[in-house]
Amino acid sequence: NKAGWRKIQFCVKQAAADGLEYFWVDTCCIDKSDPAELSKAINSMFRWYRNVKKCYVYLADVSSMWDVAFWSSKWFNRGWTLQELIVPVIVEFFSQEHKLLGDKKSLETLIHEITQIPIQALRGNLLS
């Protein structure tokens, strides 16, 4: 679909700009219609995200005028958002226009307010 294609085009450009040789797009690379593949992918995601150099969050429903839209982005309601937020060291958020909105560190207070995930967890620290 067009949204998936835009996401891939964005990743091609951003990965090249960041000097990365390859990228992986979860929403495009996992066959959600195959329960066995979906289950295997979900069980492998922690390891995949732990080993990434960067995690790009492409917010297709957030424009460059993002203040309000960021709060209501569908991305925060996805099933594996938790792993994408906590596991990678570097998570960068981009608007539908491919503009960098910030990274996990610079947006941690806002992300915490939206998700209620403790800031210590967003920083990769163990919770006691």
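Each reported figure results from applying straightforward, stated rules to the coordinates on display, with no laboratory input. Note that the structure is a prediction, hence the values are computed from the model and not measured. Positions of Cβ are backbone-derived with ideal geometry, glycine not excepted, and every protein chain shown enters the neighbour counts.
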The chain, Gaussian network, Cα under 10 Å: of GLU92, GLU84, GLU21, the residue fluctuating most is GLU21
Whole-Hz Karplus couplings 3J(HN,Hα) for the stretch 41-58, θ = phi - 60° and coefficients 6.51, -1.76, 1.60, Gly and Pro as x, run 5, 4, 6, 9, 4, 4, 5, 4, 5, 5, 9, 7, 6, 8, 10, 8, 10, 8
Using alpha carbon centers only, the stretch 6-31 is separated from the stretch 32-80 by a whole-angstrom value of 13
Any chymotrypsin sites (Phe, Trp or Tyr not before Pro) in the stretch 1-44 that lie in a DSSP loop and have at most 15 other Cβ atoms within 10 Å would be TYR22, TRP24
In deg cm²/dmol, rounded to the nearest 500, the helical mean residue ellipticity at 222 nm of the chain, built from -39500 (n - 2.57) for every DSSP H run of length 4 or more, is -12500 deg cm²/dmol
Which of [x] 1.43; [y] 1.31; [z] 1.04 gives Cα Rg over 2.2 N^0.38 Å as computed here? It is [z]
Computed over the chain, the relative contact order (Cα-Cα under 8 Å, seq sep at least six) in percent reads 20
Given backbone amide H placed at 1.01 Å from N, residues whose amide H is under 5 Å from that of VAL57, ignoring those fewer than 5 places away on the same chain, are GLU92, PHE93, PHE94
Note, the stretch 106-121: 3J(HN,Hα) by Karplus (6.51, -1.76, 1.60, θ = phi - 60°), whole Hz, Gly/Pro = x, goes 6, 10, 4, 5, 5, 4, 4, 4, 6, 9, 6, 6, x, 4, 4, 5
